[in-house]
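*Asks:* Got a structure for you, written out below as structure tokens; questions coming shortly.
Bear in mind that the values in this text are calculations on the coordinates, not laboratory data. Given the structure is predicted, the values throughout are model-derived calculations rather than measurements. Neighbour counts run over all protein chains shown; Cβ positions are idealised from the backbone, glycine included.
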Amino acid sequence: MQIKSPAKIKKTKKLLSKIYVILLLFFVDVIIGQQLLPSKGNGIETIQIVSHTVSRNAINFKCLYGVEDKDASLRISFPFPEVVRVQIHQGEEPFAEEIGQPFDIQQKGNLFELKTDSLRVRIQKQPWQLTIPRLNGDVIFRQIPEQSGYINSESGNRTLRITAQMQQSEGFYGFGEKFNGMNQRGKKVVMEISDAYVEKGSRTYKAIPFFISSARYGLLVNSGLPVVYDLGKKSNDFYSFEIPDNEIDYFIFANKDPLTIIQEYTDIVGKTRLVPKWSLEPWLSRRSMTGWDSTITAEADVDMLLNNGYPLGVILWEGIRGQFSRKQIPDIHALSDKWHSQGLKQVFWSLAGHISNNSDVFKNANPDYFIRNYDSTLSIGGFRGGHVYIDPTNPDAMNWWIKTFYEPYISGEDGRSVPGHANLDGVKIDFCELFPEYQLPLLMQKTVKGIENEHAVLFSEQIYDWLQQRKPEGGITWVRGGGLGIQRVGFVWGGDRRRTFPQFRGTVSASLSLAVCGVALAGYDLGGYIGGNSPDAREVYIRGAQYSAFSPSFHDHGSAPAPWEQDEYGRENYKFYARVRYNLIPYLYNLVRIAHEKGIPLMRPLFLHYPNDKNTYSIEDEYLLGDALLVAPFVNSGTTRKVYLPAGEWIDFWTEKTYSGRQTINYTAPLNRIPVFVKSSSIIPLELNDALQVGGPFLQNRKNDLLLTFGIFGRDDATLNFYENKKELSISTHINENERQIVVENIDRDFGLYLMANRPEKITVNGTEIIYLNATDFTASSSGWNYDAENLKVLVKIAVDDFESRYIIKISGLDREEYALLRKQRFDTTVFPPEEPKILSVENWNGSADIHFQPVNNAFAYTVEYGFTPDKLDKKLINVVESPVTVHNIPIGRSLYVSMRAQNEWGTGKETIPVVAKQITTQKIVFSLENGSAFLRGNHYNSKTISENGIRQLDYSIRVPETGTYQFWIKANKNIQHHLYFRWYHLGGIKLKKGINSVQLIIQNQTTEIGKLFLTSSKEDRPVMKSDIETIFSEEETISVPKKVTVRF
């Protein structure tokens, strides 16, 4: 027997240990494989590689699958160094030639290894398995071969499924517009668009088969077909994607930077369009049921907005579109010209490429222009059924559609609107998701797989291209639904949403999911398309205006209350953020340019910029707007929310208070403020009024002539390359001891600057000192500087010279220590809780109570607590901002106890001692018209009777100065018809005699509660846009022979 040396024994042990590990791993794989194997008879036919050929840009495999050894082809290529493309189809037909990246190849037995400069790909031949590790060995994709291949479904249709291992905490983001949250792990996601009316689940208007994983890779299935993803719904160990076809084309993006992944993905499927700058301005539209079926109402409402300081840029002709199709009405064209003269662009409404098959237009059209079923019958579906679809792959059909339906609206005559040439500026393309169902292939000039998802995309992008040819300042499409490539159509919007916080939260997460998919221009109907009876409606509208100002679009549309139908607080909030929107347009348009060139969206989930920070993947209610602004909208009721700040230093956009990153803060602010933070060392291009005020007032005719102003945030050097009027400007700033130097290059118009600092000693422009001006003179001047001591802001205006495009601004005398002291004084951590509000009176009124209180100076909201005993105030109203406030459902005869507390950014103040309501006496309450009008609260009636069938009669006493016809309006707390909520209704004119009249209001709708009443001597004196403070009333023991007038509704 031969004795081995110790060295050989050691070597043998080492070899045996390796064999043991290999066998152990083999058995683990077998066990896992058995767990993952489909149940017997599920019909997965795995793919086996039998041979290969190599071209310069790809490797092609001949394959077999199934027990009958059917032919299939597989190709692997590299469109980019870190992107793998996988194509599979039945048969041996060669793939089309592709331009790709070179790669090295090695073969060892059953394995191939492909290698680029950035990536490795391992391919197992039998059964076929794809594994993609990074160069450091981290595996980002490992296919499960036993669960990948062809499947024969119960219907007999063949599908292709790819299954891959899933990491333990892996999240999946994208897939289009997801109202049910951003991370889709644990869900089944189907790429199928539908009319997702007020959706809160999985239905969607926009389905895009692309995702980015928290494991730092992306995956695109390049198809419009209804791809099905199982993202861990069946198992926590693997995910799959399945296509109802015998071929598949998918890309795996291995770059660890999500922004690079989006750039590469949009290089494949297309970039965002460079929309016209005017499309970023505030939009306004109303449905016909709100009164906009009349040009008179529409014109009056827009005039009212403009005359009351509401800036506006675009009108959507949805409610009044029907006027164009009626007999010749000169008013409609005069109104279009008037709005253009006021600087208002106009967009009309249209269906997405389908028309009624009973229309004369269709009957006179070439039948080959429309999509047909396999048996040559028309494919019928669409809006309300009975519609046929234009073939978007047929150029003649598209030219006919444009000439028939769009040219008359878009073209003008010498820049004017005349019959047959409306001179509008864009098209809203609606109901994109109603394509008819089909089984066999459809007859089109060019076959498009997944046409049910892609029809609106193919149709709308051609309309967008045509508009750019027809409109010198650019046209716009505003599209509701579609599939892969929808970013190529212009703007999209989020469909019909309710005015509630849950729906608002869904809107934000859906917009961010779209952003992951490279859809940069996604908006929604500000505050919600319909109002419902939501108690959140007022607050959601306020928050919606704030969010819209800091998002891709500011678009108000629907039948829920309009801007002018809000209370005064809501109106002022809307007005302010409409002005902020104009302020932000230079910043936003620069982002549009970046989206157009690089595919990077305007709104960006935090993980796109901070992928190493695991906290960012679970945040669905914050986002970056560009790379410099962090926006955290209030998506729940209240004035305090948690805000996560990623790495770096962040500066409050409104107060310029500074916060360190990688922390969660509790942010408290008034109801009219949205949390926005600027990344330190950023330069934000804005357009401001002459006083350089963010959100400051300006005239409508100045909205496109505001002063380009660069806001400089932070104490360190910064640089910005910025697009302005089709050219690039460069702005840089550098600090040297006590002097800040700012260099602006390639600029040809006056501009301004603002920054936080102590008061400087002097400021020079290109070596010449400019003068200091007081606030009034600074506003009136085109050049000079001012110091806002209250807000610690240096404000500078510079008038440019026709022969100079480079400006060096030096701000001298800056002292960091002095500025730090000023900041400490301004942002002192001393807590100043709000003062205690004073309850002036609490009055019972017919089952409700009015609470009058004296507001305090340092509070922005109040909480009202009330109950029926002084020690149990168990009911609550929050975010009260106006006095009086009314509470309802108070039992008659019960004493009501009320307490209040005020709230400000430092917290909540002390609770007041409960005040008990007093009963209104039996004396009659008489309201008097003053200055031609009177407001009444609906609960301030003298008597109430209810008939056997539930019809209510409310009696009010009203004194008028003269006999005549007076106009009567009401505002209801609940719906009166359809989904109209909390708006003023004109009930018509009623004749009243001089003196006291008893007005009887007959309410036939048993669920309607009257909120307020308005009486005016003139029909033109509408109740909207007014501070609807109740008219002073008097108490009178008797009313001699009141004149009774009945109003029914």
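*Asks:* So what are region 480-611's ellipsoid semi-axes, whole angstrom, largest first, if each one is the square root of 5 times an eigenvalue of the alpha-carbon gyration tensor?
*Replies:* Result for region 480-611: semi-axes of 26, 17, 13 Å.
*Asks:* Distances over 17 Å make up what percent of all Cα-Cα pairs in region 334-460?
*Replies:* The share of Cα pairs beyond 17 Å in region 334-460 comes to 60 percent.
*Asks:* Same structure again: Can you give the % of DSSP beta bridges in the chain that are antiparallel, to the nearest 5?
*Replies:* 85 percent
*Asks:* Please give the FRET efficiency for residue 805 paired with residue 777, using the beta carbon to beta carbon distance and R0 = 25 Å, rounded to the nearest 0.05.
*Replies:* Step by step, r from the Cβ atoms, then E = 0.35.
*Asks:* I need the semi-axes of the equivalent ellipsoid of region 241-368: take the C-alpha gyration tensor, multiply each eigenvalue by 5, square-root it, list largest first in whole angstrom.
*Replies:* Ellipsoid semi-axes (Å, largest first): 40, 26, 12.
*Asks:* By what distance, in whole Å, do the Cα atoms of region 143-270 stretch along each of the three principal axes, largest value first?
*Replies:* 40, 37, 30 Å, listed from the longest principal axis down.
*Asks:* So what's the projected area for region 372-444, the Cα convex hull averaged over all directions, in nm²?
*Replies:* 6.1 nm²
*Asks:* Binned at 5 Å from 0, what are the whole-percent values of the Cα-Cα distance distribution for region 759-888, short to long?
*Replies:* Binned Cα distances yield the sequence 2, 8, 12, 12, 10, 7, 7, 7, 8, 8, 7, 6, 4, 2, 1, 0.
*Asks:* Here's another thing I want to ask about it. Please work out the ratio of the alpha-carbon Rg of region 614-708 to 2.2 N^0.38 Å and round it to two decimals.
*Replies:* 1.22
*Asks:* Near residue 367, within a Cβ-to-Cβ distance under 13 Å, what is the net charge of the other residues, with Lys and Arg +1 and Asp and Glu -1?
*Replies:* Net local charge, residue 367 excluded: -1.
*Asks:* Then there is this: In what sequence do 1021, 430 fall when counting other Cβ within 10 Å, fewest first?
*Replies:* 1021, 430
*Asks:* Kirkwood Rh, Cα Rg: Rg to Rh for region 838-919?
*Replies:* Checking Rg against Rh, the ratio lands at 0.96.
*Asks:* Here's another thing I want to ask about it. At q = 0.07, 0.12 Å⁻¹, what log₁₀ I(q)/I(0) does region 44-256 have when each alpha carbon counts as one equal point scatterer in the Debye sum?
*Replies:* -0.21, -0.62
*Asks:* Given charges of +1 on the Cβ of Lys and Arg and -1 on the Cβ of Asp and Glu, with all other atoms neutral, how large is the dipole of region 244-319 about its Cα centre, in debye to the nearest 20?
*Replies:* Dipole size: approximately 280 debye.
*Asks:* Another question, then. Quick one: 249, 850, fewest Cβ neighbours within 10 Å first, how do they rank?
*Replies:* Going from sparsest to densest Cβ surroundings: 249, 850.
*Asks:* Return the calculated 222 nm mean residue ellipticity for the chain, to the nearest 500 deg cm²/dmol, obtained by summing -39500 (n - 2.57) across DSSP H runs with n ≥ 4 and dividing by the residue count.
*Replies:* Taking each H run of at least 4 residues, the total per residue is -5500 deg cm²/dmol.
*Asks:* Also: Positive end of the charge dipole of region 44-256 (Lys, Arg +1 and Asp, Glu -1 on Cβ, about the Cα centre): tell me which of 145, 58, 211 has its Cα farthest that way.
*Replies:* 211
*Asks:* Mean projection of the alpha-carbon convex hull of region 821-974 over all orientations, in nm²?
*Replies:* 13.8 nm²
*Asks:* Quick one: compute the contact order of the chain, relative version, from alpha carbon pairs under 8 angstrom and 6+ residues apart, as a percent.
*Replies:* 7 percent
*Asks:* Something else: Where does the charge balance sit around residue 61 when Lys and Arg score +1, Asp and Glu -1, over other residues with C-beta under 9 Å from its C-beta?
*Replies:* Around residue 61, the surrounding residues sum to +3.
*Asks:* Continuing with this model, one more query. Could you tell me the convex hull volume per residue, in Å³, taken over the Cα atoms of region 388-496?
*Replies:* 116 Å³
*Asks:* Equivalent ellipsoid semi-axes for region 678-834, as square roots of 5 times the alpha carbon gyration tensor eigenvalues: give them largest first, rounded to whole Å.
*Replies:* In descending order the semi-axes read 25, 19, 16 Å.
*Asks:* In debye, nearest 20: dipole of region 351-411 around its Cα centre with unit charges on the Cβ of K, R (+) and D, E (-)?
*Replies:* 180 debye
*Asks:* Follow-up. Extending each Cα 7 Å along its Cβ direction at residue 877 and residue 846, get the distance between those two points in nm, one decimal.
*Replies:* Here the modelled spin labels are 1.7 nm apart.
*Asks:* Starting from one equal scatterer on each C-alpha and no solvent at all, send me the Debye-based log10 I(q)/I(0) for region 268-322 at q = 0.13, 0.16, 0.23 Å⁻¹, two decimals.
*Replies:* The calculated log intensity ratios at q = 0.13, 0.16, 0.23 Å⁻¹ are -0.43, -0.57, -0.90.
*Asks:* Just want the ordering: 178, 971, 115, from fewest to most Cβ atoms lying within 10 Å of their own Cβ.
*Replies:* 115, 971, 178
*Asks:* Next question, about the same structure. From the Cα trace of region 461-544, what convex hull volume per residue do you get, rounded to a whole Å³?
*Replies:* For region 461-544, the hull spanned by Cα atoms encloses 101 Å³ per residue.
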